[in-house]
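For reference, the structure is listed below as structure tokens.
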Amino acid sequence: QKEVEQNSGPLSVPEGAIASLNCTYSDRGSQSFFWYRQYSGKSPELIMFIYSNGDKEDGRFTAQLNKASQYVSLLIRDSQPSDSATYLCAVFKAAGNKLTFGGGTRVLVKP
Amino acid sequence: DAGVIQSPRHEVTEMGQEVTLRCKPISGHNSLFWYRQTMMRGLELLIYFNNNVPIDDSGMPEDRFSAKMPNASFSTLKIQPSEPRDSAVYFCASSQNREKAFFGQGTRLTVV
């Protein structure tokens, strides 16, 4: 089992719709959780972080964390073509400061 | 703050040559990470440092790879000798106490 798992996609959504991305992790003691966006040929860019169970909203993005079920999700509301990118889930493990990434989900927003 | 700074941005080298990648983390950050990204394997953690000390190098693929962090503001990743399969984008990232990690622009390495 991979430490952090994501569906590779592509996730195709029409412009204006909600994109829903999921991520599961194996270490129950994991703490901080992050979502990065990576455009082709660019470096990962941090877009959301969440430390506690529940929802966290920032603009069109909402991160959801459920530690009991060991999953974290990202919702993108009113999706725009500029949201087309690969979204990477990252988790800080309980032991040490190891930051592990999932394989990423490619999102395509179609006008 | 200038963010995480990596150099060079691009490197083309011949098989067998030594390659050194450089990283300057964000000032005040106490953790530094080296990742390698390829289409096939995604973003792989090679090694990370806490307070300049290497903590986990289990991701380093072979003895040909080595990393150092002589002080809080500088780290290197060295490949000697380089091979074509080392071609990838190498990222450096830094963070403070398990909080947000920020990436450099990456070094695109091509070994021919």
Review point. What residues have an amide H closer than 5 Å to that of B:Asp56, excluding those fewer than 5 places away on the same chain, when H is modeled at 1.01 Å from N in the peptide plane?
Key: B:Tyr48
Point to revise | Part-to-part distance (alpha-carbon centres) for the range B:25-57 and the range A:1-76, which is given in Å | key: 21 Å
**Study point:** For A:Gly102, net neighbour charge (Lys/Arg +1, Asp/Glu -1) across residues whose Cβ lies under 15 Å away
**Key:** +2
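Residue separation times 0.36 nm, minus the C-alpha to C-alpha distance between B:Asn30 and B:Gln105: what's the value?
Result: 25.1 nm gained on full extension.
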Review point. Working out 0.36 nm times the residue gap between A:Asn22 and A:Leu108, then minus their Cα-Cα distance, what length gain in nm do you get to one decimal?
Key: 29.4 nm
Review point. What residues in the range B:65-112 lose 40 Å² or more of accessible surface when the other protein chains are added to their chain alone (1.4 Å probe)?
Key: B:Arg98, B:Lys100, B:Ala101, B:Phe103
Check your understanding: Quick one: Karplus J couplings for the range A:42-57, per residue in order, coefficients 6.51, -1.76, 1.60, θ = phi - 60°, nearest Hz, x for Gly and Pro?
Key -> 10, 8, x, 10, 5, 10, 8, 9, 8, 10, 10, 4, x, 10, 9, 10
**Study point:** Apportionment of accessible area to carbon and sulfur, chain B, percent (1.4 Å)
**Key:** 49 percent
Practice item. For the range A:11-105, state which GluC sites (Glu not before Pro) are in a DSSP loop and have at most 16 other beta carbons lying within 10 Å of their beta carbon. Key: A:Glu15
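Checking an interface number: how much accessible area is buried between B and A, summed over both chains, with a 1.4 Å probe, in Å² rounded to 100?
It comes to approximately 1700 Å² buried between B and A.
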Study note, to complete from the structure: Candidates A:Leu46, A:Leu74, A:Leu88; GNM for chain A (alpha-carbon contacts under 10 Å) flags as most fluctuating A:Leu46
Practice item. Pull up all non-local amide H partners of A:Arg106: gap of 5 or more, or a different chain, and H-to-H distance under 5 Å with H placed in the peptide plane. Key: A:Gly9, A:Leu11, A:Tyr87
Exercise for review: Note the count of lysine pairs whose C-alpha atoms are less than 22 angstrom apart in the range A:40-103, limited to pairs 8 or more residues apart or on different chains.
Suggested key: 4
Check your understanding: Over chain B, what relative contact order in percent results from Cα pairs under 8 Å that are six or more residues apart?
Key -> 37 percent
Practice item. Send over a whole-number figure in Å² for the accessible area per residue of the range B:1-90, probe 1.4 Å. Key: 53 Å²
Point to revise | Convex hull volume per residue for chain B, taking Cα atoms only, in Å³ | key: 92 Å³
Study note, to complete from the structure: Cα-based Rg and Dmax for chain A, in Å, come out at 13.4, 44
Review point. Which trypsin sites (Lys or Arg not before Pro) from the range B:1-51 combine a DSSP loop assignment with at most 14 other Cβ atoms within 10 Å?
Key: B:Arg9, B:Arg41
Review point. How many angstrom lie between the C-alpha centres of the range B:81-112 and the range A:85-109?
Key: 15 Å
Revision key, fill the gap. Between A:Asp58 and B:His10, Cβ-based FRET efficiency (R0 22 Å, step 0.05) works out to 0.05
Practice item. For A:Asp55, tell me the accessible area in Å² from a 1.4 Å probe, rounded to the nearest 10. Key: 110 Å²
Review point. What FRET efficiency comes out for the pair B:Glu44/B:Glu18, r = Cβ-Cβ distance, R0 = 22 Å, nearest 0.05?
Key: 0.55
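From largest to smallest, what semi-axes in whole angstrom does the protein assembly as shown give when each is the square root of 5 times an eigenvalue of its alpha carbon gyration tensor? Intermediate results must be reported in sequence, preceding the final value.
On the way: eigenvalues 177, 82, 47 Å².
Whole-Å semi-axes of the equivalent ellipsoid: 30, 20, 15.
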Practice item. Note every residue of the range A:32-54 with a reduction of at least 50 square angstrom in accessible area, all protein chains present versus the isolated chain, computed with a 1.4 Å probe, or write none. Key: A:Ser43, A:Pro44
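The values are calculated or read from the model by the stated rules, or taken from the named source; none is laboratory data. Keep in mind that what you see is a predicted model, and the values were worked out from it rather than measured. Every residue, glycine as well, gets a Cβ built from its backbone with ideal geometry; the counts of neighbours run over all protein chains shown. The area values use the complete protein model at the heavy-atom level, side chains included, leaving out ligands, DNA and RNA. Shrake-Rupley method; radii C 1.70, N 1.55, O 1.52, S 1.80 Å.
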